[in-house]
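Peer 1: I am attaching a structure below and will ask some questions about it afterwards.
The values are calculated or read from the model by the stated rules, or taken from the named source; none is laboratory data. Computed from a prediction, not measured in an experiment: that's the story for all the values here. Positions of Cβ are backbone-derived with ideal geometry, glycine not excepted, and every protein chain shown enters the neighbour counts.
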Amino acid sequence: MIKRMFAIIILVVIMFAFWLAYLEIGELKNEYAKNYYLDKGFEETGSKNLVTAIYLDYRLFDSIFEAGILLLAVTGIMFMSKNDERR
Amino acid sequence: MRISLILVCISRLLYPFILLFGFYIILNGDKSPGGGFQGGVILATAFFITYFIDPKKIINLKLLVKIEKYLFALILIVACISYFTNGEFFTNFIPVDSPIENKRIFLILLNFFIGLKVTTGLIAVFSAFIEEGR
Amino acid sequence: MNIDILLSFFVVLISLFGLVVSRNIIKSIICFNMLQASAVLLFLNFVHSKEAVIPILSSIDSNKNIVDPLPQALMITAIVIGAAITALALMFSIKIFHYYGTLDWDELIKREG
């Protein structure tokens, strides 16, 4: 019961921090990247779908190693499904 | 587990259309909503339907992981070609001053490889869980 | 500035509370998944507006107001990584159940220490 009370107190503090962040969220918003992609995205990458233009050209490094993480997870699952110990 | 006959019939009817839809999503990823990741998940769903048709099916897991490794190496190679044509890693390998229509070749190639890689990865995960439950 | 952003904060709080008080491993995995879903919700609510259209150039005719495509491209990778991590965690939990015969955190700590 005490554990639960402490958890609720910590969550109230986190909620207060979130509220402070929420009040300033309007100043953080800008549209420079959006306007750049809208103007030059088609000429530089040749893709009409701007999301594809981002994840296959501007941020290709990101999406390649994301595929690598998928490969690592599959390898780990294969390794664990073969070695089965019971007690 | 006993599977209803109606479900088997509908699955057999639906299987080629889901395959067609998945390849459409992957190959049109650069001019309509979609792309490699989403189309790969749809293709994996088409494979899951075959478990309704034949529940005792056994697939070769080692071969799947091997295919996935080679596909990952192929994606890396396709992404690194641009160093020899444009002098820069991880970008389009078609030269910059060529017409815009030619740049689609790179996008379609990479989308296709990423889609196949996601498909083999999800099939391997799902089959590992099926093997665990047997 | 919309109230939907607060919704994702509430999802974060609920999943953190679940991570603290849950005693089953499966419930902890579900709470991790909820944390990831709240991040996706926050990023997509941040750029959402009612009169904007999807970021595809053939669908834009007169109004040049599109949704920002950058968070969408980031969230594709986040969703795939979340699915991979969830599958790995579920396989871990299956192996733990085969080895110890239970999925309770307190029981596991008692047996190990």
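Peer 1: Of all residues in region A:44-87, which are more than 7 Å from every other protein chain (Cβ to nearest Cβ), farther than 18 Å from residue C:72 by Cβ and either aliphatic (A, V, I, L, M) or surrounded by fewer than 18 Cβ atoms within 10 Å (Cβ to Cβ) (or both)?
Peer 2: A:65, A:72, A:79, A:82, A:83
Peer 1: Checking the structure you have, find out if any residue of region B:101-117 is out of contact with any helix residue (DSSP H, G or I) (no Cβ under 8 Å at 6 or more places or on another chain), more than 8 Å from every other protein chain (Cβ to nearest Cβ), under 21 Å from residue A:49 (Cα atoms) and outside any helix (DSSP H, G or I).
Peer 2: No, that holds for no residue.
Peer 1: Please specify each residue of region C:8-22 satisfying the condition of being within 11 Å of chain A (Cβ to nearest Cβ) and not polar (S, T, N, Q).
Peer 2: Within region C:8-22, C:9, C:10, C:12, C:13, C:14, C:16, C:17, C:18, C:19, C:20, C:21 qualify.
Peer 1: A further question follows. Given the criterion at pLDDT 90 or above and either hydroxyl-bearing (Ser, Thr, Tyr) or on the phi > 0 side of the Ramachandran plot (or both), identify the matching residue among C:58, C:38, C:49, C:62.
Peer 2: Residue meeting the stated conditions: C:38.
Peer 1: Among the residues of region B:42-64, write down those that are buried (at least 19 other Cβ atoms within 10 Å of the Cβ) and either within 30 Å of residue A:45 (Cα to Cα) or without any contact (Cβ under 8 Å) to a residue 60 or more places away in the chain (or both).
Peer 2: B:42, B:43, B:44, B:46
Peer 1: At the interface with chain A (Cβ under 8 Å from one of its Cβ atoms), more than 18 Å from residue B:127 (Cβ to Cβ) and among the polar types (S, T, N, Q): is that true of residue B:85 in this structure?
Peer 2: Criteria not met by residue B:85.
Peer 1: Starting from region A:58-87, take each residue that is under 21 Å from residue B:64 (Cβ atoms) and list its partners that are surrounded by fewer than 19 Cβ atoms within 10 Å (Cβ to Cβ) and of a type in the set (Lys, Arg), counting only C-beta distances under 6 angstrom and pairs at least six apart or across chains.
Peer 2: Here the result reads A:80/C:95, each pair linking region A:58-87 to a residue that is surrounded by fewer than 19 Cβ atoms within 10 Å (Cβ to Cβ) and of a type in the set (Lys, Arg).
Peer 1: Looking at region A:17-39 only, could you name the residues that are over 19 Å from residue C:10 (Cβ atoms) and within 7 Å of chain C (Cβ to nearest Cβ)?
Peer 2: Across region A:17-39, the qualifying residues are A:26, A:33, A:34, A:37, A:38.
Peer 1: Kindly indicate whether any position in region B:59-80 is over 12 Å from the mean Cα position of the chain (by Cα), more than 12 Å from chain A (Cβ to nearest Cβ) and β-branched (Val, Ile, Thr).
Peer 2: yes
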